[in-house]
Amino acid sequence: MVVRLTHFNVSADKSEEVKKIYNQEVVPELKMQQGKVKGMLLEPMESTEYISLTVWQNKANADAYESSGKYKELVGKITGLIGQPVLKSYTAS
């Protein structure tokens, strides 16, 4: 499996809007992606850094999602509300 984490900062006054967009617009799109196992938004307890976590069956599925432009489209839904997103990928064993 492959885990992808997109880290981004959200100011306190924008957090509710970001969570609403993520849950109402991003999550439904993620559910339709081939090979996606899980997707969720991790909310910080003591900082402003949120993490969008996605788990994929394999690297090919994760790469296909990103290269299709869907990742960029979904990040674009919250771009005006967040700091510069940073994507990190990991293998899960």
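What the table shows:
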| item | result |
| --- | --- |
| Two-site label geometry, HIS7 and VAL86: point separation in nm, points 7 Å out along Cα→Cβ | 0.4 nm |
| Pairwise FRET efficiency - SER93 versus LYS20, Cβ, R0 = 25 Å, nearest 0.05 | 0.10 |
| Rounded to the nearest 20 debye, dipole of the chain from Cβ charges on Lys, Arg, Asp, Glu | 360 debye |
| Semi-axes of the equivalent ellipsoid for the chain, Cα gyration tensor, largest first, Å | 22, 14, 11 |
| Percent carbon-and-sulfur accessible area, the chain, ignoring ligands, DNA and RNA, probe 1.4 Å | 51 percent |
| Relative contact order (percent, whole number), the chain, Cα cutoff 8 Å, 6+ residue spacing | 49 percent |
| P(r) histogram, all alpha-carbon pairs of the range 50-93 included - 5 Å bins from 0, percent | 5, 18, 29, 25, 15, 6, 2, 0 |
| Accessible area (Å², per residue) of the chain, counting only protein heavy atoms and a probe of 1.4 Å | 61 Å² |
| Mean ellipticity per residue at 222 nm, deg cm²/dmol - from DSSP H runs of n ≥ 4 across the chain, formula -39500 (n - 2.57) | -7500 deg cm²/dmol |
| Low-density loop cleavage sites - GluC sites (Glu not before Pro) in the range 14-82, where at most 11 other Cβ are within 10 Å (DSSP) | GLU46 |
| For the range 8-55: rounded, prolate or oblate by the Cα gyration tensor [a/c cutoff 1.5] | oblate |
| Within straight-line cross-link reach of LYS38, lysines at Cα separation under 22 Å, skipping those fewer than 8 residues along the same chain | LYS19, LYS20, LYS59, LYS70, LYS72, LYS77, LYS88 |
| Positive dipole terminus of the chain, leading residue within GLN57, MET40, THR79 (C-beta point charges) | GLN57 |
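The values are calculated or read from the model by the stated rules, or taken from the named source; none is laboratory data. Because the structure is a prediction, the values reported are computed rather than measured. As a convention, Cβ positions derive from the backbone with ideal geometry for all residues, glycine included, and neighbour counts pool all protein chains shown. Just the protein is used for accessible areas: all its heavy atoms, side chains included, with ligands, DNA and RNA removed. Shrake-Rupley method; radii C 1.70, N 1.55, O 1.52, S 1.80 Å.
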